[in-house]
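Data block below; observations after.
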Amino acid sequence: MSFIDTDPNEGMATQQINKKFQSAQIIQANATGFGAASDDFMERGIDLNEQLIRNKPATFFFRVNSDAMLGAGIHVGDILIVDRSLTPSSGKVVVAVLNGEFLVRRLQIQEHSISLVPENKRYGTIQVAQLEQYSTWGVVSFVIHSL
Amino acid sequence: MQAIVDCNSFYCACERLFQPQLQHAPVVVLSNNDGCIVSRSDEAKQLGINMAIPYFQAKDLIEKNKVHAFSSNYHLYGDLSWRVMETMRQLAPPGCVEVYSVDEAFINLDHIPAESLQDYCVSLKKKIETWTGISVSIGVGPNKVLSKVANRLAKKSKLLTGCIVILNDTKKIQTALQNTPIDDVWGIGYSYSEKLKTYGIHTAYALSIKDLSWGKRFLGGVPGMKLIRELKGMHSHDMQTPRTSKKMIATTRMFGRTVSEWQEIEEALATYATRTAEKLRRQHSAAYGVSVFLLKKTPPQTDISHYHHGRQVSGYVKLDNPSNLTPDIIKAVVALGKSLFEQGELYKKAGVILSDFVPDNALQTNLFVAPKDQNRKKLMNVIDNMNAAFRDDILKFATSGTQKNWKMRSERRSKRYTTRWDELCLVR
């Protein structure tokens, strides 16, 4: 990789740079013929952050350490993208804090109760009994899984 | 109106965000090198643990009460600080947020109608807490000094005030000032508060009824006059433009252990020089002034109850041309350090301070800067970008060394949950 451009013209005084700028198009035309046309369509490459991070100050990453949500496509070692600005409604996959422990589960809110539902038969649904021991930390918006 | 938004026990709150089992437990955070207590949760305050006392003085209390003590995790605090400030910037009109410190920001609320101030603050507070997980207190007043007074009262009785105090009429302002000891007025340091007490001024209210001319005469001239003017409810501090450049930038650290070899001091100084130059480039300044100080360890005193400060040696040099390039800064810093260093002494702290700034862009358009410098500037850009992308200073100058025996002690640091892929919080 070469990060450092070794253009011998670098470091010229401002006036010279301006001069260079004026003649830039001609130089390019000489070098590439029709090439210059494509420059008009140059744009920034696709940025994954735009898709995965909708609200940067509220977005956090977690690392999955259980297979409780296998059915939802969440595997051990995956990265969860958690957006705290999304409202935790029933049916959303959330990062929850129960008795001081972080859990990833599907949130189920009924009239008088909250349950955390796994998507793996080996795990049981957790009925949240005492609300003071429970809080929803954030809503999972994406999962990054390596194939 | 002016608001100040201040995070509650900020460093402790950052630790708790990723260790929710500590939500109601006493927590303290220690300064660099685990020296002093710099942040306390409410539970720790109730145990009688004081602010800014050396860790060893509170050690018994901490161990007896199972207080959780953390080393400073500046990566985590810095990231969460940015989140809190960014949330405010997104919610307030452009240019209204002025970051004051890592955990405080002023917000200009002139656009909010008086009758909606309370609702606005409640919703702002809730949004910050929901988005970032950090709880805040908000003080509102006609100017910055009074917003600070309001904020202190909000923090003092969190349950009663809901962490929000708005001083929007003369009656409320007067009561608030009467309940504010003179020591707790923004800008009044220890020596001024002692002086004011000898004049019989014990509360902010007593100071607010003094004449402006009195303040000019007895309270440090124009700043004292401005302070009294604001206590009277008038406006004098203008909203600063956000991110005003600092006038001086320093990197100073205690060594993890005492150091006696020049080579180790040199490595430390070069590392601090690198850090400081980075900070300088971030604010687009270049410095003329370079200072270095070394703190010697004093021989143990017979009276061990006193916490002795070591003897300090320092030096200053003015560069021929202002610079923010790491090699220039390292060169000056190492030369200065070498002139201060004495063989056979033990050192426990060192620091690099840059001052006398000029804007960096003035340099870039300078016709007299040699081409060599332009190339070096490009190199610095590349190094900054790579270090930002790969972390842990993947690229550095050879003087900085690779051993770092002198490196800071941080035995109880939590993980850098928000800035490192390999230190993410685990979820089951």
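Quick one: is A:Ala29 modelled with pLDDT of 90 or more and either more than 9 Å from chain B (Cβ to nearest Cβ) or more than 30 Å from B:Leu22 (Cβ to Cβ) (or both)? It is false that A:Ala29 is modelled with pLDDT of 90 or more and either more than 9 Å from chain B (Cβ to nearest Cβ) or more than 30 Å from B:Leu22 (Cβ to Cβ) (or both). Look through region B:22-54, keep the residues that are among the hydroxyl-bearing types (Ser, Thr, Tyr) and crowded, with 18+ Cβ neighbours inside 10 Å, and return whichever of them is farthest from the other protein chains (Cβ to nearest Cβ). Applying the filter and picking the extreme gives B:Ser39. A:Gly77 satisfies every condition listed in (1) buried (at least 16 other Cβ atoms within 10 Å of the Cβ); (2) more than 10 Å from every other protein chain (Cβ to nearest Cβ); (3) under 25 Å from B:Arg16 (Cα atoms); (4) modelled with pLDDT of 95 or more except (1).
Take the residues in region B:74-84 that are more than 7 Å from every other protein chain (Cβ to nearest Cβ) and either modelled with pLDDT of 95 or more or open to solvent by 60 Å² or more (accessible area, probe 1.4 Å) (or both); name whichever of them is farthest from B:Arg253 (Cα to Cα). Step by step, filter region B:74-84, then rank; the result is B:Val84. Within region B:1-18, identify whether any single residue is open to solvent by 20 Å² or more (accessible area, probe 1.4 Å), closer than 22 Å to B:Tyr55 by Cα, within 14 Å of chain A (Cβ to nearest Cβ) and not hydrophobic (A, V, I, L, M, F, W, C), and answer yes or no. Yes, region B:1-18 has at least one match.
If we only count helices (runs of 4 or more DSSP H) wholly inside region B:159-223, which ones have 1 or more residues that are open to solvent by 60 Å² or more (accessible area, probe 1.4 Å) and over 30 Å from B:Leu124 (Cβ atoms)? Lay out the reasoning, then the answer.
Values: elements: B:170-178, B:190-198, B:204-208, B:212-218.
In region B:159-223, B:190-198, B:212-218 are the helices (runs of 4 or more DSSP H) which contain 1 or more residues that are open to solvent by 60 Å² or more (accessible area, probe 1.4 Å) and over 30 Å from B:Leu124 (Cβ atoms).
Surrounded by 19 or more Cβ atoms within 10 Å (Cβ to Cβ) and away from every other protein chain (no Cβ under 13 Å), is that true of A:Arg106? Considered against the rule, which asks whether it is surrounded by 19 or more Cβ atoms within 10 Å (Cβ to Cβ) and away from every other protein chain (no Cβ under 13 Å), A:Arg106 comes out as yes.
When you go through A:Glu101, A:Glu119, A:Glu111 one by one, which is the residue that is within 13 Å of chain B (Cβ to nearest Cβ), free of Cβ contacts under 8 Å to residues at least 60 places away in the same chain and open to solvent by 30 Å² or more (accessible area, probe 1.4 Å)? Reasoning before the result, please.
Working: A:Glu119 fails: within 13 Å of chain B (Cβ to nearest Cβ); A:Glu111 fails: within 13 Å of chain B (Cβ to nearest Cβ).
Every option except A:Glu101 fails the conditions.
Would you pick out the residues in region B:108-128 that are over 25 Å from A:Leu86 (Cβ atoms) and open to solvent by 60 Å² or more (accessible area, probe 1.4 Å)? Give the steps one after another, and end with the answer.
Narrowing region B:108-128 to residues over 25 Å from A:Leu86 (Cβ atoms): B:108-118.
The answer is B:Asp110, B:His111, B:Pro113, B:Ala114, B:Glu115, B:Gln118.
Any residue that is at pLDDT below 90, more than 30 Å from A:Pro57 (Cα to Cα) and among the polar types (S, T, N, Q) - is there at least one of those in region B:187-196? For region B:187-196, residues at pLDDT below 90, more than 30 Å from A:Pro57 (Cα to Cα) and among the polar types (S, T, N, Q): present. Against the conditions (1) aliphatic (A, V, I, L, M); (2) open to solvent by 10 Å² or more (accessible area, probe 1.4 Å); (3) in contact with a helix residue (DSSP H, G or I) (Cβ under 6 Å, 6 or more places away or on another chain), B:Leu61 satisfies every one except (3).
Being within 29 Å of B:Arg83 (Cβ to Cβ), open to solvent by 30 Å² or more (accessible area, probe 1.4 Å) and either among the aromatic types (Phe, Trp, Tyr) or at the interface with chain B (Cβ under 10 Å from one of its Cβ atoms) (or both) is true of A:Ser135. The number of residues in region B:85-107 that are open to solvent by less than 30 Å² (accessible area, probe 1.4 Å) and either modelled with pLDDT of 95 or more or under 22 Å from B:Lys155 (Cα atoms) (or both) comes to 9.
Looking only at helices (runs of 4 or more DSSP H) that lie completely in region B:40-152, which have at least 2 residues being farther than 30 Å from A:Gly138 by Cβ and more than 23 Å from the chain's Cα centre (by Cα)? Lay out the reasoning, then the answer.
Details: elements: B:42-46, B:55-64, B:74-91, B:117-132.
Counting at least 2 such residues, we get B:55-64.
The values are calculated or read from the model by the stated rules, or taken from the named source; none is laboratory data. Given the structure is predicted, the values throughout are model-derived calculations rather than measurements. Don't worry about glycine lacking a Cβ; one is built from the backbone with ideal geometry, like all the others, and counts go over all protein chains shown. The accessibility values were calculated without ligands, DNA or RNA, using every heavy atom of the protein model including side chains. Shrake-Rupley method; radii C 1.70, N 1.55, O 1.52, S 1.80 Å.
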